[in-house]
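Chemist: There's a structure below that I have some questions on.
The values are calculated or read from the model by the stated rules, or taken from the named source; none is laboratory data. Predicted model only: the values in this text are computed from it and were never measured. Ideal geometry is used to build each Cβ from the backbone, glycine not excepted, and the neighbour counts take in all protein chains shown. Remember, those area values only see protein heavy atoms, side chains included, never the ligands or the DNA or RNA. Shrake-Rupley method; radii C 1.70, N 1.55, O 1.52, S 1.80 Å.
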Amino acid sequence: MTWFLVHFAQIVFYCLAAVALAGAVGVIAFRSPVHAALSLLGTFLAVAGVFVLMQAEFLAAVQVLIYAGGIMVLFLFVIMLVKARDIPDEPQYVRRLVPAAVILGVLLAALVGVGLWAASSGPPADGAALRLVAGAPLGNTEAVGWSLYRDYLLPFEVVSIVLLVAMIGAIVMGRKETGRGGAA
Amino acid sequence: MGFWDLVTSIVPFELAQGLGVTGRFLFKKKATIQYPEVKPVPKDRFRGMFGFSEERCIVCHACAKACPIDIIHIQDHFEEIEVDGKKRKKKVLDRYDIDVKRCMFCGLCEEACPTKPLAIWLTTKSYEASAYERNERLYFTKERLQDWKGVRPYPGVVSPRDGQMPDDPTGGSAAGRGEPKP
Amino acid sequence: MANPWVAFLLVPLVKIVVILLAVILLAAYMSFFERKVLAYMQIRIGPNRVGPRGWLQPIADALKLLVKEDIVPERAEKLVYFLGPVLVVVPALVVFSVIPFGPAFKLFGYEVTPYLTDVNIGILFILGVSSIGVYGVILGGWASNNKFSMMGGLRSAAQLVSYEVPMGLSVVTVLLMANSLSLVKIVEAQKQAGVWYVIPGIVAFFIYFVCGVAETNRNPFDLPEAESELVAGFHTEYSGMKFAFYFLAEYANMVVISSIATVLFLGGWLPPFPNWLAAVWALPALAWIPPIAWFVLKMAAFLFVYIWFRGTFPRYRFDQLMDLGWKVFIPVSLVNLMAVALGVLLIGGR
Amino acid sequence: MGNLETLKPFPDSEEMEISFGPQHPATHGVLRVLLRLDGERIVDAKPVIGYLHRGTEKIFERETYNGAIPHTDRLDYTAAATNNQALVGAVEKIMGVTVPPRASAIRVMLAELQRIASHTIWLGTHALDIGAQSPFFYTFEEREKVLDLFEEYCGARLTLNSMRVGGQPYDLTDGWVDRCRTFVDQFPARVAEWERLLTTNRIWKLRTVGVGVISAANAIEWGLTGPPLRGSGVKWDIRKVFPYDRYDEYDFEIPVGANGDTYDRYLVRMEEMRQSVRIIKQCLAKLPDGPVMAKVPKVIKPPKGEAYFSVESPKGELGFYVVSDGGAHPYRLHVRPACFINLQALPEMVRGLLVADLIAVIGTLDIVLGEIDR
Amino acid sequence: MISTTHVLVLSLALFTLGVVGMAVRRNFITVLMCVELILNAANLNFIAFSRQLGDLTGQVFAVFVITIAAAEAAIGLGIIVALVRLKQTVNLDQVNVMEG
């Protein structure tokens, strides 16, 4: 019984991993974009759970907030806007790739197996060091914040400009006039 | 003025004022009537359930003609009766039906009635004539018009058979206004 | 406490059950409260037939919705149609796991905390989880295969995403002042500061609450379900228990917004005028009132304001709503955030 | 009328068509509006009517003149008294009957009370459409008081059947005058209360100012009457320009708007309620004695001829065009409904606006489907 | 304790699925979702190594990745909207104006 408690994190991890993989499979398997988006949402939430297990709580929250609360909503919004209820059938040439895919898949599976076997004997990782920035134990959020705004201020600013550019770009493209050969 | 306009455009005083109005109503007396227990009192001229008096009716068909939607059905025949030794023809009512389910309670039949007091009249105050089966329950024959079977009279109002008088808006049961019916 | 099972499973389970029941009951009675207050504002008396003075009305409503025929539109997207109510109600209930209803207290020698857990990213957790609720609304509107529902869903998607930004920004001002993301720590920080954050953060407070009203799709921001425009918006086609889920989620979300407003700005379970005034007046009577009662009282005040708004205001138009969000609330909350940050820097000396 | 067969759910990716109504909470009955939408912006709107058609004009032809009056109650069922007034006025015009002064004073009072009742129901539903719930109940409370007065006078609350050719069927009851005075004395305060709730409210203004604008010239061309016309700044009121029932003896103002938007129409109607109170007060002050019925035969048989007579109903100009062949039944009785003609301007007013504005505009036109479909 | 390798395997699987999806799906929207999947796999790697090395840089970069993902989604979806306006399709095979 205590085994359950000791290995609780691992059990949770496997469950989350299963959900994440199932969601990822769903993304490429579902025909309806809405279903695909929903299963992608499942993947994101599961990955956020994995982040929590990896002691990156702040990132987990950001993942949920931005991916689930923002990006996927945007996806659904666009899916509904363009009314992409049904999509055309798959083109045929993918079929020819099937043998190559099978071979690659087997090789990959072997690689993964080896990796897992190796990992079972490796040293356990420890996240305690993450909480030590400048010698004082801090919350994950605060630690990321210090790091982000002190050590990586320039990339941060650059990224914010990228976001701004993306926003303007999206607005320009989303505007009606572009369709009539106006601006852009 | 310019400054005050700026202030009012930022601070939503008028929204607070609206909240004040609804807030005051929170404590005002409520207008609701608890209907089945408390019944709204209709006014004296209220055009409610019909009354009909066979002995006053002179079978003139005026009410049927006045009815805009022809829901009063009258049939009669002549009978010879002796009055003071002389033979006289008299109209006798065979059928006097009002299809109340189609009635729009305009009161024109009552206005058209030439008898005084009226033979057909809209008795005031009784308005609870709803029924689940409208063809049966809301079709009133001569008899039903007098005993009001199926109609719940307004408290204090009685059916014509029990003494409701045409000129008595209150129904006049307890006070016994007018002569008692035979 | 020797048995790890007690600490690890039993206590949280009991808490979960208690909180869930309390929340569901609260949401149900919130609807009753709303109908009553609204009726009194509208010179009516509201539901008064079921039970004494209508007190059993929510139960009757719930029973009615339970046994009602569940109609799925013929051309609805069945799976998503089913998923909509689930997706909207689960986040609404999950959020309650981090809301501190009161301080820790002793019960039978155990220290019991009247909240499920105190996450160190509490506020982020709430913002994140409640942002998932929007899926239920969009997907429900989309899956119904009804143009009015679809418009309702799209409207709410845009609305919820837009108003989350100023809401988050106004929350950040509190985080700046409290220097923590944990809800319990925020309340404790207000106790130490001796002042509720509503006073230094008055602008943030208003923005937060108005955005909260918008987030919960309530009047005057109830466009996704504006009955005069979109019939019932995204839940037009829903009936029975699925409708009840949307209904429950809306009221649960109102309780969430009110609770968070209480925690962030009104000192959570603290009695009014923390420290100084209570000490000066030495009101021993106030001390008798348990902290949870204070919390519930403040929360109820917010809920009342919700209903008051609904009873008073007309509805915004969709573009006006977006204008208000993007052109007023976001700039104002940004400026306010900077001002508060400056204030914290100057006064707090951090 | 929309060609229903050609309506596709999604004509192309941008536009969609929505059948707005007839079972929609905000179309005030069974109006159906076919909307072409670009997102939420209205490209085109076509009102589709006829869901409440009862053939009233044909029914009139088989009724006696007095028997037609209850049918007029059901045209604009929120304003039965003015409907009665228009019909009896038209018949009296053919017959050349002059109504006794007391009867015409009663008619004016009934008509003005009816205007108040109609405007209160308009304000309540209009505000409800725009999202303000409470005014609906506040206005209905006042409307009930008006209906109580009606009930006391003629025995019915909604479908009054309160006028007859040649005068009034009843005299006022004892105490009616006092109760009416009590009502009109307290009513302006209530109007002020509603105005406190709405007139300066920024949300209300956002929703109504500049919405559904129609210029004065356009309004005249569309044949608008009543508050929609006056909201555009045209000072046109049948009570002033073709006075009937001795309206020229009363002192009252015609409120007009300036911009022709929903907000101005709102203000016009609010002021009209106050003016109605003013007229009723004058009626009460100098209520003449005397009979309430002119000398008319029991069976109304107007001479051969025709007449058009219109009154200023709460919705606009309500006219009855009566053709008599000398018999007891009208040969033809045509109604010039105010709402029907006001509704025609709807597409003009909502083009380019949002769906939410359509609601506001339908509300501000104050349509009643009973009168439109007849 | 979850070993880093476990996370890496999960990340690898997600990445592969994303790539496969990009290869087999011709729906622009699905392809964009696959890109998000790949970015998430990358994030998992960052986080795993960040924990392994006890260094916050990985987490910080994950933040950047999420930001870029948001930007990419905004642009991509903007392109989709424009595309649908122009050609009424979201199928990538039919979008070949650049092929000359």
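Chemist: Could you run the Debye sum over the Cα atoms of region D:305-374, one equal point scatterer each and no solvent, and tell me log10 of I(q)/I(0) at q = 0.11, 0.16, 0.22, 0.29 Å⁻¹, two decimals?
Modeler: Those come out to -0.37, -0.64, -0.92, -1.20, one per q.
Chemist: Apply the Karplus parameterisation 6.51 cos²θ - 1.76 cosθ + 1.60, with θ equal to phi minus 60°, to every residue of region B:102-115 and state each ³J(HN,Hα) to the nearest whole Hz, in sequence, with x for glycine and proline.
Modeler: With the stated coefficients, region B:102-115 comes to 9, 5, 10, 6, 8, x, 5, 5, 4, 5, 6, 5, x, 6 Hz.
Chemist: Within region D:220-374, what whole-number % of the accessible surface is contributed by carbon and sulfur, with the 1.4 Å probe and all protein chains included in the calculation?
Modeler: Exposed carbon and sulfur together represent 54 percent of the surface.
Chemist: Which lysines does C:K191 reach when only Cα atoms under 30 Å apart count, and residues fewer than 8 places away in its own chain are ignored?
Modeler: Straight-line reach from C:K191, under 30 Å: C:K15, C:K106, C:K298.
Chemist: Could I ask something else about it? Please identify the GluC sites (Glu not before Pro) of region C:46-82 that satisfy two criteria: DSSP loop assignment and at most 16 other Cβ atoms within 10 Å. Which are they?
Modeler: Taking region C:46-82 and a limit of 16 other Cβ atoms within 10 Å, the loop GluC sites (Glu not before Pro) found are C:E69, C:E74.
Chemist: Further question: Let's test the formula: R0 of 56 Å, r as the Cβ-Cβ distance of D:K301 and C:T117. What FRET efficiency results, to the nearest 0.05?
Modeler: Computed FRET efficiency for D:K301 and C:T117: 0.05.
Chemist: Also, quick follow-up: So which trypsin sites (Lys or Arg not before Pro) in region D:232-339 end up in coil per DSSP with only 16 or fewer other C-beta atoms within 10 Å?
Modeler: The qualifying sites are D:K235, D:R246, D:K286, D:K295, D:K298, D:K304.
Chemist: Compute the accessible area per residue over chain D, keeping the other protein chains in place, probe 1.4 Å, unit Å².
Modeler: That works out to 33 Å² per residue.
Chemist: For chain D, give the share of DSSP beta bridges that are antiparallel, in percent and rounded to the nearest 5; count only bridges with both residues there.
Modeler: Of those bridges, close to 100 percent are antiparallel.
Chemist: Could you give the accessible area per residue of region B:51-176, probe 1.4 Å, as a whole number in Å²?
Modeler: 53
Chemist: Just report the Cα centroid separation between region D:241-301 and region A:31-65, whole Å.
Modeler: 69
Chemist: How big is the accessible area of D:Y331 in square angstrom, nearest 10, if you roll a 1.4 angstrom probe over the protein chains?
Modeler: The accessible area comes out at roughly 140 Å².
Chemist: To the nearest 0.05, what FRET efficiency results for A:A22 and C:V94 with a Förster distance of 25 Å applied to their C-beta separation?
Modeler: 0.75
Chemist: Can you give me the Kirkwood hydrodynamic radius for the protein assembly as shown, using every pair of distinct Cα atoms, in Å to one decimal?
Modeler: That comes to 34.8 Å for the protein assembly as shown.
Chemist: Per-residue accessible area for D:E193 at 1.4 Å probe radius, Å² rounded to 10?
Modeler: Its heavy atoms expose roughly 20 Å² to the probe.
Chemist: While we're here: Of all accessible surface on chain B at a 1.4 Å probe, what whole percent is carbon and sulfur?
Modeler: Using a 1.4 Å probe with all protein chains present, chain B comes out at 57 percent carbon and sulfur.
Chemist: Testing the spin-label approximation: label points 7 Å from Cα along Cα→Cβ at D:V43 and C:L20. State their distance in nm.
Modeler: Modelled inter-label distance: 4.9 nm.
Chemist: Also: Return, ordered by residue number, the residues of region E:2-35 whose backbone nitrogen is under 11 Å from a label point located 7 Å along Cα→Cβ of A:L111.
Modeler: What the label zone holds, given the 11 Å backbone N cut-off, is E:12-13, E:16.
Chemist: What ratio of Cα Rg to 2.2 N^0.38 Å holds for region C:28-107?
Modeler: This ratio for region C:28-107 stands at 1.56.
Chemist: Students often forget the sequence filter, so: which aspartates and glutamates lie under 14 Å Cα-Cα from D:K145 once same-chain residues fewer than 8 apart are removed?
Modeler: The reachable aspartates and glutamates, counting only those whose Cα sits under 14 Å from D:K145, are D:E112, D:D178, D:D185.
Chemist: Here's a follow-up. Could you pull out every residue, at least 5 positions away or on a different chain, whose amide H is within less than 5 Å of the one on D:M293? Hs are placed 1.01 Å off N in the peptide plane, and Pro or chain starts have none.
Modeler: Result for D:M293 returns D:Q168.
Chemist: Right, something else. Viscosity 1.306 mPa s, temperature 10 °C: Stokes-Einstein D of chain D from its Kirkwood Cα radius, in µm² per second?
Modeler: 75
Chemist: In whole Å, how far is the Cα centre of region D:90-164 from that of region C:198-218?
Modeler: Centre-to-centre distance over Cα atoms comes out at 45 Å.
Chemist: For chain C, report the convex hull volume of the alpha-carbon atoms normalised per residue, in Å³, without decimals.
Modeler: Residue-normalised Cα hull volume stands at 162 Å³.
Chemist: OK, next. Under the √(5λ) rule applied to the eigenvalues of the Cα gyration tensor, what semi-axes describe the equivalent ellipsoid of chain B? Give them in Å, descending.
Modeler: The answer is 53, 18, 15 Å, longest axis first.
Chemist: How much accessible area is lost when chains A and E come together, counting both sides, with a 1.4 Å probe, in Å² rounded to the nearest 100?
Modeler: 6400
Chemist: Continuing with the same structure: Could you state the number of Å between the C-alpha centres of region E:1-56 and region D:344-359?
Modeler: 50
Chemist: Counting only Cα atoms, I'd like the Rg/Rh figure for region D:145-274, Kirkwood definition for Rh.
Modeler: A ratio of 1.04.
Chemist: Further, regarding this structure: With solvent modelled as a 1.4 Å probe, how much accessible area in total do chains D and C shield from it at their shared surface, in Å² to the nearest 100?
Modeler: 2600
Chemist: To the nearest 10 square angstrom, how much accessible area does A:C15 have with a 1.4 angstrom probe?
Modeler: 80
Chemist: Here is a follow-up. What is the percent carbon and sulfur in the accessible area of region C:137-232, measuring with a 1.4 Å probe over the protein chains and ignoring ligands?
Modeler: Answer for region C:137-232 is 67 percent, counting heavy atoms of protein chains only.
Chemist: Taking R0 as 22 Å, what FRET efficiency do you get between C:Y29 and C:L66 from their Cβ-Cβ distance, rounded to the nearest 0.05?
Modeler: After rounding to 0.05, the efficiency reads 0.85.
Chemist: From the helices alone, meaning DSSP H stretches of at least four residues, give me the mean residue ellipticity at 222 nm for chain D, per-run term -39500 (n - 2.57), in deg cm²/dmol to the nearest 500.
Modeler: Calculated at 222 nm, the ellipticity per residue is -14500 deg cm²/dmol.
Chemist: Nearest 20 debye, what's the magnitude of the dipole of the protein assembly as shown about its Cα centre given +1 on Lys and Arg Cβ and -1 on Asp and Glu Cβ?
Modeler: Charge dipole, the protein assembly as shown, about its Cα centre: 1400 debye, nearest 20.
Chemist: If you don't mind, there's one more thing I want to ask. Under a 1.4 angstrom probe, counting protein chains only, how are C:L248, E:L53 ranked by accessible area, largest first?
Modeler: Descending accessible area places them as E:L53, C:L248.
Chemist: Moving to a separate point now. Taking amide hydrogens as modeled 1.01 Å from N in the peptide plane, which residues meet the under 5 Å criterion relative to B:F50, leaving out close sequence neighbours?
Modeler: Sorted by chain and number, the residues that satisfy this are B:T123.
Chemist: Going through region D:49-158, which trypsin sites (Lys or Arg not before Pro) have at most 14 other Cβ atoms within 10 Å and a DSSP loop state?
Modeler: Sites meeting the loop and neighbour criteria: D:R54, D:R62.
Chemist: Within the set B:K28/C:K64; C:K242/C:K327; B:K28/C:K36; B:K125/D:K58; B:K125/B:K149, which residue pairs have Cα atoms separated by over 24 Å?
Modeler: Table pairs above 24 Å Cα-Cα are B:K28/C:K64; C:K242/C:K327; B:K125/D:K58.
Chemist: Dipole magnitude of chain C about its Cα centre, charges +1 at Lys/Arg Cβ and -1 at Asp/Glu Cβ only, in debye to the nearest 20?
Modeler: So the dipole magnitude of chain C works out to roughly 560 debye.
Chemist: Region E:4-92: Rg/Rh from Cα coordinates, Kirkwood Rh?
Modeler: Reported Rg/Rh, Kirkwood definition of Rh: 1.09.
Chemist: Something else now. I want to check the label-to-label distance for B:K90 and B:D76. Put each point 7 Å from Cα in the C-beta direction and report it in nm to one decimal.
Modeler: The answer from the label model is 1.2 nm.
Chemist: Can I ask one more? Among the lysines, which fall within straight-line cross-link reach of D:K298, defined as a Cα-Cα distance under 16 Å, with same-chain neighbours fewer than 8 residues apart omitted?
Modeler: Of all the lysines, those that pass the test against D:K298 - Cα under 16 Å, at least 8 places apart if same chain - are B:K65.
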